[in-house]
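The values are calculated or read from the model by the stated rules, or taken from the named source; none is laboratory data. Owing to the predicted nature of the structure, the values given are computational and were not obtained by experimental measurement. Cβ coordinates were reconstructed from backbone atoms using ideal geometry, including for glycine residues, and neighbour counts include every protein chain displayed. The area values use the complete protein model at the heavy-atom level, side chains included, leaving out ligands, DNA and RNA. Shrake-Rupley method; radii C 1.70, N 1.55, O 1.52, S 1.80 Å.
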Amino acid sequence: MKRIASFEVNHDLLTPGMYTSRIDGDITTYDVRMVLPNAGVYLEPAASHTFEHLFATYTRNSRFADHIIYCGPMGCQTGFYFLVRGLAPADAIELVRESMDFIAKYEGEIPGASRIECGNYKLHDLEGAKKIAASMIPVLQNWTEADLVYKK
């Protein structure tokens, strides 16, 4: 079988940040890398689950709501994939920055975290999600379109 694009990335060179993983027509997949790959520290499932609920809710209610396709955790527990349609890279960066700020400061009930709304409603950690987001704020503070390119 043909290797998929994400396996072509040298994970030893990846650092936390936001990268263009692939572009398929008008859909761009961003790699929002939150921890160093293979470094022994990974995103905790409960915290990343809550992060996903908050990130998806925020982005799908933002001024760019019509451009949002998907946000979901990577199986390797080092980040998230964020898929958008027809959204300028600078706007995608700004939206991710805004999302991190929203999550880091979030107080209240976790959206979609009841039994009827979620398939694993007991697996949530708001404080952990807030820490993940807070750790990304300084990383993305000065991120530009030039930074979206994977290092080789």
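Just a few scattered comments:
- Residues of the stretch 1-56 that turn out to be in a loop (DSSP other than H, G, I, E, B) and of a type in the set (A, V, I, L, M), as a count: 11
- Cβ-Cβ distances below 7 Å connect the following pairs, each with a first residue in the stretch 18-34 that is hydrophobic (A, V, I, L, M, F, W, C), a second residue that is open to solvent by 70 Å² or more (accessible area, probe 1.4 Å), and a separation of six or more residues or different chains: 27/85.
- Of 50, 144, all but one fail to be of a type in the set (Val, Ile, Thr) and surrounded by 19 or more Cβ atoms within 10 Å (Cβ to Cβ); the exception is 50.
- Some residue of the stretch 130-140 being more than 21 Å from residue 13 (Cβ to Cβ), out of contact with any strand residue (DSSP E or B) (no Cβ under 9 Å at 6 or more places or on another chain), open to solvent by 30 Å² or more (accessible area, probe 1.4 Å) and not in a helix (DSSP H, G or I): no
- Qualifying residue in the stretch 69-88 (condition: small (Gly, Ala, Ser), buried (at least 19 other Cβ atoms within 10 Å of the Cβ) and within 27 Å of residue 152 (Cβ to Cβ)): yes
- The test for being without any contact (Cβ under 8 Å) to a residue 40 or more places away in the chain and under 23 Å from residue 10 (Cβ atoms) holds for residue 41.
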